[in-house]
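Before anything else, here's the structure in question.
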Amino acid sequence: MRLLERFSRGEMRLGRVEAFSDGVFAIVVTLLVLELKVPILRSPESVHELAEHLAELAPKFLSWLISFIIVCKFWLNHSYVLSLARHADYAVVWLNSIFLMSQAFIPFPTAMMGEYATNPLAVSAFGCVLAVNTVLFMALHRYILRHLIQSELAGRQDPHVLLKSIVGPLSYLIGSASAWGSVHLAFLIYLLTPLWFIVPPEERQAAKAGG
């Protein structure tokens, strides 16, 4: 038996995959906020000193906000994609695990971008990591659409949804490249990119009913 054929076997309950995934997402969003530490003041009563420290933390707050929105967007779309499947197999488990591994890495480039917000390499690395995350999610989505989608849902999917999803990694890569010219532009692109799929794609039947 070929190795690839083995991955298409092993029918498993989706509930186990969903529970594990939700746990990872919860840990990721928790790790993101741990980088926001209360500043230590020389004069605890000094409003001016506290205000200065809070202003210095602004890039960290912005990095946290961007990453939190992105991770929540991934979580929502991930829940939707898993709901399309009849069941899980070994391929889904491993594709999902690799995707979750990339999600678990997000707090590192987030912290680096917040700490060195004017460093083009730090800001650019963030975009590269998010581009990889999006591609891995697309691979999971593609596999489910190709091999495991519920028959009653197959005709309701946008046939071009994966093509449209390419906007995500392309936008993150554009933001990554922009960082070398303007870190402020890169931050803006990172903030706007998750709006592309802030909610799961609309199914075709629902679109017709709404029209």
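Values in this text are rule-based calculations from the coordinates and carry no lab data. Source: prediction; values computed, not measured. When we count neighbours, we look across all protein chains shown, and the Cβ atoms used for this are built from the backbone with ideal geometry, even at glycine.
Any idea which of Ser176, Val33, Leu82 is furthest toward the positive side of the dipole for the chain, if Lys and Arg beta-carbons carry +1 and Asp and Glu beta-carbons -1?
It is Leu82, whose Cα lies furthest towards the positive end.
Turning to a different aspect of this structure: Counting other beta carbons within 10 Å of each Cβ, put Trp64, Trp75, Trp180 in order, fewest first.
Values: Trp64 22, Trp75 18, Trp180 12.
Sorted ascending by nearby Cβ count, the order is Trp180, Trp75, Trp64.
Suppose R0 equals 22 Å. What FRET efficiency, 1/(1 + (r/R0)^6) with r the Cβ-Cβ distance, do Leu195 and Val93 give to the nearest 0.05?
After rounding, the FRET efficiency stands at 0.15.
Once you place label points 7 Å from the Cα toward the Cβ at Ile166 and Leu54, how far apart are they in nm?
For the pair Ile166/Leu54, the computed spacing is 4.6 nm.
Shifting gears a bit: Would you mind ranking His48, His147, His141 so that the residue whose beta carbon has the fewest other beta carbons within 10 Å leads the list?
Values: His48 8, His147 13, His141 22.
So the ranking, lowest neighbour count to highest, is His48, His147, His141.
Restricting attention to the range 81-155, which trypsin sites (Lys or Arg not before Pro) occupy a DSSP loop and are surrounded by at most 14 other Cβ atoms within 10 Å?
Working: sites: Arg86, Arg142, Arg146; in loops: Arg86.
Here the sparse-neighbourhood loop sites are Arg86.
How tilted is helix 90-105 with respect to the longest principal axis of the chain? Cα atoms for both, answer in degrees (0 to 90, nearest 10).
10
Still on this structure, I have one more. Give the residue list of GluC sites (Glu not before Pro) in the range 25-128 that are DSSP loop and have at most 14 other beta-carbon atoms within 10 angstrom. Intermediate results must be reported in sequence, preceding the final value.
Numbers: sites: Glu35, Glu45, Glu49, Glu52, Glu56, Glu115; in loops: Glu35, Glu45.
Sites meeting the loop and neighbour criteria: Glu45.
Only one of the values (1) 66, 36, 34; (2) 56, 32, 32; (3) 65, 35, 29 was calculated from this structure for Cα extents along the principal axes in Å; name its label.
Computing Cα extents along the principal axes in Å and matching it to (1) 66, 36, 34; (2) 56, 32, 32; (3) 65, 35, 29 gives (1).
Moving on to the next point. As a test of the formula, what do you get for the chain when each DSSP H run with n ≥ 4 contributes -39,500 (n - 2.57) and the sum is divided by the residue count, at 222 nm and rounded to the nearest 500 deg cm²/dmol? Kindly include the intermediate steps, with their values, before the conclusion.
Working: 12 runs with 148 residues, N = 211.
After summing the helix terms and dividing by the residues of the chain, the value is -22000 deg cm²/dmol.
To the nearest 0.05, what FRET efficiency results for Ile174 and Tyr116 with a Förster distance of 25 Å applied to their C-beta separation? If you can, show how the numbers build up before the last one.
Values: r = 21 Å, r/R0 = 0.82.
About 0.75, to the nearest 0.05.
Here's another thing I want to ask about it. Please report, in debye to the nearest 20, how large the charge dipole of the chain is about its Cα centre when each Lys and Arg carries +1 at its beta carbon and each Asp and Glu carries -1 there. Let's see the in-between values first.
Details: 16 positive and 15 negative charges, 174 e Å.
My answer is approximately 840 debye.
Can I ask one more? Which one, Leu188, Ser21, Phe61, is farthest towards the positive end of the dipole of the chain when Lys and Arg carry +1 and Asp and Glu -1 on their Cβ?
Ser21
Have a look at Thr134, Pro44, Val71 and report the one farthest towards the positive end of the charge dipole of the chain, computed about the Cα centre with Cβ charges (Lys/Arg +1, Asp/Glu -1).
Most positive-ward Cα: Thr134.
Want the number for Met12 to Leu188: 0.36 nm per residue separation, take away the alpha-carbon distance, what's left? Kindly include the intermediate steps, with their values, before the conclusion.
On the way: separation 176, 0.36 × 176 = 63.36 nm, distance 4.11 nm.
Gain on stretching Met12 to Leu188: 59.2 nm.
With θ taken as phi - 60° and the coefficients 6.51, -1.76 and 1.60, list the Karplus ³J(HN,Hα) couplings across the range 80-86 in order, rounded to whole Hz; mark glycine and proline as x.
Using θ = phi - 60°, the values come out as 5, 5, 5, 5, 7, 7, 6 Hz.
Still on this model: Computed from the mean reciprocal separation of all distinct C-alpha pairs, what Kirkwood hydrodynamic radius does the range 53-110 have, in Å? Kindly include the intermediate steps, with their values, before the conclusion.
Values: mean 1/r = 0.0751 Å⁻¹.
Every distinct Cα pair counted, the radius reaches 13.3 Å.
Measure nothing fancy, just the Cα-based angle from helix 167-178's long axis to the longest principal axis of the chain, in degrees from 0 to 90, nearest 10.
30
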